[in-house]
Amino acid sequence: MLRGLPRRAWGAGWGLASLVCGALAGCAHAPEPPTLATLTAFTAPAQFLQAAVPVSASAPAASPASATAPEAPPWWQAQGDPLLDRLMALALAHNADLGAAKARIDEARAAAGLDEAARRLQLSAGPSVGRSRSSEHLDPAWQIRSTTGGVAPPVTVETEPASTRLRLGLDASYEVDLWGRLSETARASAHEAQATVLDLEAARRALTLSVASTYEALRVHQGQLLLRDELAQLALQRWHLAQASAQAGLGDAGEADALEAALRDAQLQASQIRQQYAQDFHALSVLCGVAVDQLPAVNDTQGTPVPLPPLSDVPSRVLQRRPDVQAAELRLQAALDRLGAARAANFPSLLLTTSLGRESSALSTLLDPGSLVWSLGLQISQSVLDGGRRTAQADAARARLDEAAQAYQGTLLQALREVEDALVAEQAVQDQLRQQQAAAEAAHRQALRQLQRVDVGLGRRTDALAAQQTALQRELTLLDLRQQLFLAQATLRKVMAWPA
């Protein structure tokens, strides 16, 4: 610390510091920051931009802003199922993966706060007290001489080997961000934090799709279980009829054996549906983050999935609002910022330091005017030889930028593919559903005619039972296709970033 330094010395010191700073600013050039414009531009295919989701007659095309407006209701509420709403609320509040994503947001924001704090003034208070003892067998580091040329009078000096030092002061430091290294690093961390927020939004959309699809699978499996049990009952009746015919000598025993095998198959399939039904409960408990016994009562929930209303949107707007696309773009920008920070590390750093306080050997004199101490400092540092460390750091930042650019383009392509696949799947399942609906109606008409023939004595009972089994098989396929249609429609809403 400097105390009592002449004013001329301070003036000369600050003048030299100003000269050095001016020389640095005038002779050195800050690195040119890379920009997104230097990357290869991505263009969506024309057939995707021209495609459109069927627009309902009552709903006009929504703009990107209105499509993601907070007041828009979540897509699953179109089902009008309060139980599904309760399951969604449980999942959004207690899902473990969602909780981990929220924790990652807090971690990223804390990291951004650390990098932002590095750009600000650092002030610390350091009161201290210390006592030390020196050797008594050392020559003094000073001598007494006469200033008049005569003989110096005898002087007796008594020294204490132990001394006490009390200090009460404030220390401050500030790094001048001449080349933008600190600001680039802070921007990169801020972009990373924003990307984690979008990761949470993407996780929420994936979670709502999983909850809705699992809940619908539960309902469908319960309906399928009823149909499978009915099919097993019909198979049992046919087997009994075949056995009776064989015992009476009117039928073939081989037919009875074949019908018994069919009966066992029907019972096996019913058992498999029961297993899937129980697994649906377990999956829902994990998604909702609660134990199975804490789930709402869904035991008596069965029925056919209700088709979702048509969307009023075009796929070309997806890239403007998909959270994963936005997160990939932010991470690409963060990689650009980190590359700029790595380039700025090649330039000198400027650190300003100062301290102000009081220092004394006794507590009683600590607040006296003579105990005041202060210091000012200017430090300019430049790495001369680092063994290639800065070059390696710049190469690593450039490689991470290339990786982020590839990830960004891959995310765009994946988004386009998911939307196109969802559109194709929805249309294909709708076509299959119409065909299967017609086939199921025809099978029911055939079963009814067979029953009518049995009633008038023109047909066999076993043929009527077989026709009923065929009609029920069509119903099973129809129920499965309706579940597939709901899943395709729900997936379309997820990949198009519909409100969730």
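Read-outs throughout are calculated quantities, based only on the coordinates presented, and are distinct from any laboratory measurement. Since the model is a prediction, treat every value here as computed from it, not as a measurement. Cβ atoms come from the backbone with ideal geometry, glycine included; neighbour counts cover every protein chain shown.
Spatial offset of the stretch 235-282 relative to the stretch 211-231 amounts to 21 Å, using the alpha carbon center of each. Looking only at the stretch 478-496, which residues have a backbone nitrogen under 11 Å from a spot 7 Å from the Cα of residue 424 in the C-beta direction? Answer for the stretch 478-496: none.
In terms of the Cα gyration tensor, with a ≥ b ≥ c the square roots of its eigenvalues, is the stretch 342-402 rounded because a/c is under 1.5, prolate because a/b exceeds b/c, or oblate? Prolate.
With contacts taken as Cα pairs under 8 Å and at least 6 residues apart, the stretch 201-345 reaches a relative contact order of 33 percent. By the beta-carbon count within 10 Å of each Cβ, the least crowded to most crowded order of 176, 220, fewest first, is 176, 220. Exposure proxy ranking for 214, 391, based on other Cβ atoms within 10 angstrom of each Cβ and starting from the fewest, stands as 391, 214.
Normalised by residue number, the volume inside the convex hull of the Cα atoms of the stretch 238-279 is 42 Å³ per residue.
Counted by neighbouring Cβ atoms within 10 Å, the residues 347, 281 run from fewest to most as 281, 347. Other residues within the sphere of radius under 10 Å centred on the Cβ of residue 79, judged by their own Cβ, net out at -3 (K and R +1, D and E -1).
When a/c reaches 1.5 or more, the comparison of a/b and b/c decides; with that in mind, is the stretch 310-412 rounded, prolate or oblate per its Cα gyration tensor? Note, shape of the stretch 310-412 comes out oblate.
Annotation: extensible slack from residue 461 through residue 351 equals 29.8 nm (criterion: 0.36 nm per residue apart, minus Cα-Cα distance).
Once the C-beta distance of residue 477 and residue 246 is scaled by a Förster radius of 30 Å, the resulting FRET efficiency is 0.40 to the nearest 0.05. If you model the stretch 375-440 as an ellipsoid using its alpha carbon gyration tensor, with each semi-axis the square root of five times an eigenvalue, the axes come out at 61, 14, 7 Å, biggest first.
With the cut-off at under 15 Å, measuring from each backbone N in the stretch 353-382 to a point 7 Å along the Cα-to-Cβ line of residue 133 picks out no residue. Here the simple spin-label model places points 7 Å from the Cα toward Cβ, and for residue 174 and residue 321 these points are separated by 4.6 nm.
For the stretch 166-285, the fraction of alpha-carbon pairs lying more than 16 Å apart is 77 percent, rounded to a whole number.
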